[in-house]
2 protein chains.
Amino acid sequence: MVKINENYLKLPGSYLFSTIAKKVSAYIEANPDKKVIRLGIGDVTQPIAPAIIEELHGAVDEMGEAGTFHGYAPDLGYGFLRELIASEDYIPRGCEITADEIFVSDGAKSDCGNIQEIFDQNCKIAVCDPVYPVYVDSNVMAGRTGEYDETTGKWSNVIYMPCTAENHFIPELPEETPDLIYLCVPNNPTGTTLTRDQLKVWVDYANETGAVILYDAAYESYIAQDDVPHSIYEIEGANTCAIEFRSFSKNAGFTGVRLGFTVIPKSLVRGGVMLHSLWARRHGTKFNGAPYIIQKAGTAVYSKEGKAQLKEQVAYYMRNAKVIYDGLKEAGCEVYGGVNAPYIWLRVPEGMTSWDFFDRLLEEASVVGTPGSGFGPSGEGYFRLTAFGTYENTVEAIERMKKMPSLIK
Amino acid sequence: MVKINENYLKLPGSYLFSTIAKKVSAYIEANPDKKVIRLGIGDVTQPIAPAIIEELHGAVDEMGEAGTFHGYAPDLGYGFLRELIASEDYIPRGCEITADEIFVSDGAKSDCGNIQEIFDQNCKIAVCDPVYPVYVDSNVMAGRTGEYDETTGKWSNVIYMPCTAENHFIPELPEETPDLIYLCVPNNPTGTTLTRDQLKVWVDYANETGAVILYDAAYESYIAQDDVPHSIYEIEGANTCAIEFRSFSKNAGFTGVRLGFTVIPKSLVRGGVMLHSLWARRHGTKFNGAPYIIQKAGTAVYSKEGKAQLKEQVAYYMRNAKVIYDGLKEAGCEVYGGVNAPYIWLRVPEGMTSWDFFDRLLEEASVVGTPGSGFGPSGEGYFRLTAFGTYENTVEAIERMKKMPSLIK
């Protein structure tokens with residue numbers, strides 16, 4: 001009789017976004033005349049840029065002709081894309097990253113979720129709290145996290161690094177030494193960042209302790225301030241301790257197109273083994289490459305026209321971020337993020353939980369956001385709004401929020 | 001100090017197809033005037049059919065307009081594709097499979113490789129021998145296979161079910177009861193199949209023992225004979241013991257397009273848990289859906305024009321299969337497969353190993369094939385040729401082989 005992986009059963013049943021979806025459905029049913037504005041899920045709304053659409057059409061045509069048809073892609077991605085990533089995203093920033101250290105994939109979520117496989121079963125993970133749920137959940141499934149405590153919202157074998165207004169959202173070095181350190185910068189959900197100096201502390205720490213930093217830079221293109229690094233490899237010493245995840249979802253609107261990449265420097269060695277070779281083996285065995293047409297689309301992200309169009313797209317969303325940030329500030333709220341990231345992290349009014357505020361926001365303003373507690377215990381008392389809506393809806397949502405009885409102090 | 005997953009290090013270093021690639025490169029360098037014909041790797045050569053190209057263009061245009069742009073896809077796939085799969089691939093064959101039991105993915109390789117995660121660490125797997133290497137390798141990585149014996153080519157904790165000419169390539173029920181049974185029908189690499197009655201034996205066995213059958217039907221569209229089932233769910237009782245993997249790679253040439261699906265009936269329960277819910281959780285946590293434009297392309301596979309065009313494509317490859325099969329038979333070879341599958345499985349001349357024959361074939365005919373021993377110990381003494389080349393090359397390759405001194409008895 002086969003046995004199932006019992007670790008899966010440890011995962012709390014109600015997933016954040018499905019609970020939200022249910023509450024919103026119930027609200028809409030009860031209030032059919034209200035226009036609900038969604039500033040909840042981190043999905044983009046702007047269509048794919050013209051330069052990318054053109055590249056996609058060209059690649060589709062290639063697939064229809066025997067002479068230019070492409071079958072199985074190289075396991076680690078086409079050279080044309082890997083070279084472009086190295087020369088556009090890394091070399092100009094002074095990072096020593098070469099094309100063959102880049103693994104093209106179908107997105108950062110898959111890579112963030114799968115990377116834990118190449119590490120030992122007994123590795124101890126450290127996560128910022130609050131955090132993107134995939135880091136913890138994928139380790140729960142692998143049996144690394146111990147037991148879940150409903151009261152504290154914590155797993156017994158996970159090191160939590162609280163990031164709250166009190167410590168300016170800067171994780172402190174943990175007392176217990178972790179093996180794997182997940183960092184998401186700019187952060188989802190708080191929208192906050194680390195400066196070069198702040199990140200250097202972590203790189204040094206990882207090199208000293210032999211830990212590996214799993215660095216999620218999916219929101220890199222939203223960075224506006226000079227002292228915030230776009231890649232961890234801008235920090236000296238990162239090549240021997242860090243794996244970086246990047247995505248085309250947020251800089252180019254590829255949430256439904258699916259393309260990302262992971263960087264593992266060949267100098268990142270643990271137990272005498274290059275982690276690069278382990279990940280290459282995983283790619284070769286359990287993945288068959290991102291589609292040719294999608295990899296070609298990725299090249300247009302780096303073309304002159306593509307860059308110009310995407311710069312506008314990012315600016316569009318960051319204008320939304322400013323509308324949210326400034327509007328709520330004006331209303332007297334305590335707000336964070338929104339400067340180097342498309343997320344605004346809001347302190348909920350005193351005496352309310354994150355879910356209380358979710359309900360009030362929906363009831364009083366017909367606006368959907370995400371309760372901070374859904375991202376971890378230290379997210380309690382906070383709330384996430386995203387800048388990925390349309391400008392018009394964003395403006396309207398903030399106007400409505402400003403009139404909310406529960407927001408006015 | 002982080003530790004790596006040491007199971008990865010147990011995998012034998014030289015991967016079959018990379019060894020082949022090196023030998024071929026060396027041959028080409030030494031013989032620059034020879035035209036090498038590749039009948040080795042199972043990649044297709046015909047371009048994507050016109051109906052699918054048209055659908056792709058349409059979907060690309062949708063992504064470029066705000067009103068029809070698609071962001072994150074539903075975790076388990078778009079309803080429009082899942083409904084079509086259920087109504088086209090399953091209902092007409094009498095299978096009780098509904099759309100919500102179908103999980104759309106980026107291909108059967110990913111799914112075959114990842115499915116083992118939802119089972120317990122101590123599950124014992126059984127594989128046909130020879131077999132597609134992903135089944136075993138993904139379990140090696142998970143630490144289920146014990147140690148590798150270089151002499152026998154076997155893992156200590158894997159149940160091997162030899163499939164050779166002696167037992168007509170029909171796996172026998174193993175002495176030791178396995179938890180997970182991998183079956184690939186039509187088979188890669190042997191090109192042989194199981195009839196309904198033969199498959200019924202396995203379904204009954206799995207239901208009796210509580211094992212789960214992992215049924216890889218990637219080559220289903222090549223089935224020509226009536227008594228060979230296209231899906232395991234044609235067999236009574238399969239809904240309570242089998243997971244089926246399907247691919248668009250071989251029926252529609254999607255090796256570089258990437259689309260597949262996995263079926264887990266809701267009635268498949270082990271330890272009181274629906275396997276469907278475990279796989280849904282994995283999809284939701286570690287995967288972000290197949291691209292919208294690719295899922296739309298999948299719908300064209302089922303359109304009237306698409307079906308007609310793909311029928312021709314399959315017929316094209318099967319004409320090649322017949323050329324190979326008949327030609328080698330005529331030359332006095334012992335050949336199998338090629339009737340319900342695009343693979344021809346050839347007994348190598350007496351006294352030679354599979355790799356000996358690989359070298360002779362390359363030397364004497366400039367033809368590349370795949371040594372049977374690369375698929376498992378019982379593949380020794382056999383050789384795989386694929387029908388996925390062009391017709392002209394296939395004819396030429398066989399003409400050359402007929403003249404090979406080492407083939408003529």
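The values are calculated or read from the model by the stated rules, or taken from the named source; none is laboratory data. Everything quoted here is computed from the prediction, not taken from an experiment. Here the Cβ positions follow ideal geometry from the backbone for every residue, glycine too, while neighbour counts run over all protein chains shown.
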Regarding A:Pro50, is this residue surrounded by fewer than 20 Cβ atoms within 10 Å (Cβ to Cβ), modelled with pLDDT of 95 or more and at the interface with chain B (Cβ under 9 Å from one of its Cβ atoms)?
yes
Those residues of segment A:306-325 which are of a type outside the set (D, E, K, R) and surrounded by fewer than 15 Cβ atoms within 10 Å (Cβ to Cβ), in sequence order:
A:Ala308, A:Ala315
State yes or no: is B:Asp129 touching a Cys at 6+ places or on another chain (Cβ under 6 Å), at pLDDT 95 or above and at negative phi?
no
Return the residues of segment A:140-180 that are within 14 Å of chain B (Cβ to nearest Cβ) and within 23 Å of A:Thr192 (Cβ to Cβ); say none if nothing qualifies.
A:Ile159, A:Pro178, A:Leu180
Taking segment A:120-139 and keeping residues more than 29 Å from A:Leu84 (Cα to Cα) and within 12 Å of chain B (Cβ to nearest Cβ) leaves A:Asp120, A:Gln121, A:Asn122, A:Cys123, A:Lys124, A:Ile125, A:Ala126, A:Pro133, A:Val136, A:Asp137, A:Ser138, A:Asn139
Would you be able to tell me the number of residues in segment A:251-273 that are in contact with a Leu (Cβ under 8 Å, 6 or more places away or on another chain), surrounded by fewer than 22 Cβ atoms within 10 Å (Cβ to Cβ) and either among the basic types (Lys, Arg) or more than 10 Å from every other protein chain (Cβ to nearest Cβ) (or both)?
2
Looking at segment A:64-87, is at least one residue more than 21 Å from A:Pro229 (Cβ to Cβ), modelled with pLDDT of 95 or more and among the polar types (S, T, N, Q)?
yes
If I filter segment B:296-318 for residues that are among the aromatic types (Phe, Trp, Tyr) and assigned to a helix (DSSP H, G or I), do I get at least one hit?
yes
Please verify whether segment A:187-196 includes one or more residues that are modelled with pLDDT of 95 or more and part of a helix (DSSP H, G or I).
yes
Among the residues of segment B:87-98, count how many are surrounded by fewer than 20 Cβ atoms within 10 Å (Cβ to Cβ) and under 20 Å from B:Ala280 (Cβ atoms).
2
Which members of segment A:83-120 meet the condition of being of a type in the set (Lys, Arg) and under 24 Å from A:Glu236 (Cβ atoms)?
A:Arg93
Checked pairs for segment B:31-52, first outside any loop (DSSP other than H, G, I, E, B), second aromatic (Phe, Trp, Tyr), C-beta under 9 Å and 6 or more apart or across chains, list as B:Ile52/B:Phe254
Residue list for segment B:319-336, restricted to those being outside any helix (DSSP H, G or I) and either under 19 Å from B:Arg38 (Cα atoms) or in contact with an Asp or Glu (Cβ under 6 Å, 6 or more places away or on another chain) (or both)
B:Val335
Quick check, is B:Ile115 crowded, with 21+ Cβ neighbours inside 10 Å and within 14 Å of chain A (Cβ to nearest Cβ)?
yes
Considering every residue within segment B:179-193, establish whether at least one is over 22 Å from the mean Cα position of the chain (by Cα) and of a type outside the set (Phe, Trp, Tyr).
no
Can you tell me which residues in segment A:121-167 are without any contact (Cβ under 8 Å) to a residue 40 or more places away in the chain, crowded, with 17+ Cβ neighbours inside 10 Å and of a type in the set (D, E, K, R)?
A:Arg144
Enumeration of residues in segment A:218-250 that are in a loop (DSSP other than H, G, I, E, B) and within 14 Å of another protein chain (Cβ to nearest Cβ):
A:Ala218, A:Cys241, A:Phe248, A:Ser249, A:Lys250
I'd like to verify a number: residues in segment B:63-83 that are touching a residue at least 40 places away in the same chain (Cβ under 8 Å) and within 9 Å of chain A (Cβ to nearest Cβ), how many?
4
So in segment B:84-96, with the set limited to residues that are touching a Ser or Thr at 6+ places or on another chain (Cβ under 8 Å) and in contact (Cβ under 8 Å) with a residue 24 or more places away in the chain, which one is nearest to the other protein chains (Cβ to nearest Cβ)?
B:Leu84
In the set A:Tyr8, A:Tyr27, which member is within 25 Å of the chain's Cα centre (by Cα), of a type outside the set (S, T, N, Q) and either more than 26 Å from A:Tyr219 (Cβ to Cβ) or surrounded by fewer than 17 Cβ atoms within 10 Å (Cβ to Cβ) (or both)?
A:Tyr8
Out of all the residues in segment B:251-293, which are assigned to a loop (DSSP other than H, G, I, E, B), in contact with a helix residue (DSSP H, G or I) (Cβ under 7 Å, 6 or more places away or on another chain) and farther than 22 Å from A:Met63 by Cα?
B:Ile264, B:Pro265, B:Lys266, B:Ser267, B:Leu268, B:Phe287, B:Asn288
Name the residues in segment A:97-111 that are of a type outside the set (Ser, Thr, Tyr) and within 14 Å of another protein chain (Cβ to nearest Cβ), would you?
A:Val104, A:Asp106, A:Gly107, A:Ala108, A:Lys109, A:Asp111
Take A:Ser378 and tell me if it is at positive phi, modelled with pLDDT of 95 or more and either over 24 Å from the mean Cα position of the chain (by Cα) or buried (at least 18 other Cβ atoms within 10 Å of the Cβ) (or both).
no
